[in-house]
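In what follows, a structure is listed as structure tokens, so that the remarks can point back to it.
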Amino acid sequence: MTEDLDNQVATLKELARLQKKAAAGVVPVSSEMLHDTLSQRKVPHTMAITSGKGGVGKTLVTVNLAVQYARKGLKVLLIDADLGLANIDVVLGLNPLYTIQDVLSGQMTLEQVAIQGPFGITVLPAASGVAELSDMNEGQRTALMDHIDQWNADFDIVLVDTGAGISPNVRFFVLAVERIMVVATPDPASVTDAYALMKVMFNNHRVSHFDLVVNQVKNSAEAKDVYRTLSRVAEKYLNIGLNYAGFIPDDLMLVQAVRQRKTVSELYPSAPSSLAFGQLAENLMRILQQKRQDDGRMVFFWRRLLEESVRKAAAARLSSSA
Ligand SMILES: Nc1ncnc2c1ncn2[C@@H]1O[C@H](COP(=O)(O)OP(=O)(O)OP(=O)(O)O)[C@@H](O)[C@H]1O
Ligand SMILES: [Mg+2]
């Protein structure tokens, strides 16, 4: 109930803001219009992959999902948001010359820094081993948001690999996307830390929906056990909705692929983990498509695109009714 109210308030606030913006032509923007526009997929779907505990498989889940979507012909952007400890480039066998940090220092644009990965995936790499860059200040965060907002590229889906835990950087990226996927393993420390992460996001930022993927499991039953444990406490103590997105089995072929700096989905398409990544990608796309309208969680990245398309939809509606 509280959650519904929160969502409604967020939607109303956003609509009020959009209406103000559209006031140039004094075009009213209804929530129906906004939803119509969103469902036309002019704004990319955005998802952050995060975890409480480190080393649970965030990066591998992110890059393999990217490969799955790119193979289906979607235009994918992969953002390495683990600033300071980045390693998407390593996992994908890429050698980037520049990183997000060059954009933050004002020396380069996102277009100049972005590189092409397998299957045409666009990768926004970050630097590794640069401690002072691991946390952006407020000004840098706003600047990065503006850069992304101005980026003229028509991505279908944007996947953000965050660092572990609840640092200001992680919160920034997590609050900028449509869906937040938490990765956990059956390790009790990972489950406890996943709960702690959701608790902070809920208590401090009123984030009330998460998707869960359980990694390194023996089978689906083990994954469901982890899901049940977490969702029970999340619902009981936090009023959070936790959605089961799927599982990835513990798979030696995945480790082999990492050693060869390739994704398992490319090297061993019929490995158990590759098949699971395929299934996870499907589940998540279904969730993204179904939930965009329901959740009232506004897209933060590509706000400009969103506003433009809402204005166009409003203008079209106005001229058709004239
Ligand atoms: N499904 C799996 N099967 C086997 N090994 C796995 C699996 N998932 C992850 N691993 C192992 O865990 C390691 C860490 O994975 P990954 O780098 O994706 O974790 P991470 O959550 O991104 O870590 P960090 O918090 O440091 O960013 C991998 O290099 C691999 O050895
Ligand atoms: Mg990682």
- prompt: In region 203-219, which residues are away from ligand 1 (no atom under 16 Å from the Cβ) and among the aliphatic types (A, V, I, L, M)?
  reply: VAL207
- prompt: Among the residues of region 64-98, which ones are more than 18 Å from the chain's Cα centre (by Cα) and more than 16 Å from ligand 1 (Cβ to nearest atom)?
  reply: ARG71, LYS72, GLY73, ASN95, PRO96, LEU97, TYR98
field: Filtered residue count, region 151-173, keeping only those that are in contact with a helix residue (DSSP H, G or I) (Cβ under 6 Å, 6 or more places away or on another chain) and within 15 Å of ligand 2 (Cβ to nearest atom)
entry: 5
- prompt: Just for helices (runs of 4 or more DSSP H) wholly inside region 237-292: which have at least 3 residues that are away from ligand 1 (no atom under 14 Å from the Cβ)?
  reply: 272-291
- line: Per the filter on region 176-202, residues more than 16 Å from ligand 1 (Cβ to nearest atom) and either among the charged types (D, E, K, R) or in a helix (DSSP H, G or I) (or both) are GLU178, ARG179, PRO188, TYR195, MET198, LYS199, VAL200, MET201, PHE202
message: Against the definition (in contact with a strand residue (DSSP E or B) (Cβ under 8 Å, 6 or more places away or on another chain), of a type in the set (A, V, I, L, M, F, W, C) and either more than 16 Å from ligand 2 (Cβ to nearest atom) or free of Cβ contacts under 8 Å to residues at least 40 places away in the same chain (or both)), how does ILE148 come out, yes or no?
response: no
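So, in region 138-170, exactly how many residues are part of a loop (DSSP other than H, G, I, E, B) and either of a type in the set (A, V, I, L, M) or modelled with pLDDT of 85 or more (or both)?
Taking region 138-170 as the starting set, the residues that turn out to be part of a loop (DSSP other than H, G, I, E, B) are 151-156, 165-167.
Those left that are additionally either of a type in the set (A, V, I, L, M) or modelled with pLDDT of 85 or more (or both): 153, 155-156, 165-167.
Of the residues in that region, 6 qualify.
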- request: For ALA70, indicate whether it is more than 16 Å from ligand 2 (Cβ to nearest atom), modelled with pLDDT of 55 or more and aliphatic (A, V, I, L, M).
  value: yes
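Restricting to region 90-119, what's the tally of residues that are outside any helix (DSSP H, G or I), farther than 17 Å from ARG141 by Cβ and free of Cβ contacts under 8 Å to residues at least 60 places away in the same chain? Walk me through how you get there before you give the answer.
To start, the set of residues in region 90-119 that are outside any helix (DSSP H, G or I) comprises 93-99, 105-109, 114-117.
With farther than 17 Å from ARG141 by Cβ added as a condition, the list becomes 93-98, 107-109, 114-117.
Cutting the leftovers down to free of Cβ contacts under 8 Å to residues at least 60 places away in the same chain gives us 94-98, 107-109, 114-117.
So the answer is 12.
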- request: Would you confirm whether any residue within region 134-156 is away from ligand 1 (no atom under 16 Å from the Cβ), more than 15 Å from the chain's Cα centre (by Cα), of a type in the set (Val, Ile, Thr) and surrounded by fewer than 19 Cβ atoms within 10 Å (Cβ to Cβ)?
  value: yes
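The values are calculated or read from the model by the stated rules, or taken from the named source; none is laboratory data. All of these numbers come straight from a predicted model, not from anything done at the bench. Cβ sites come from the backbone with ideal geometry, for glycine too, and all protein chains shown count toward neighbours.
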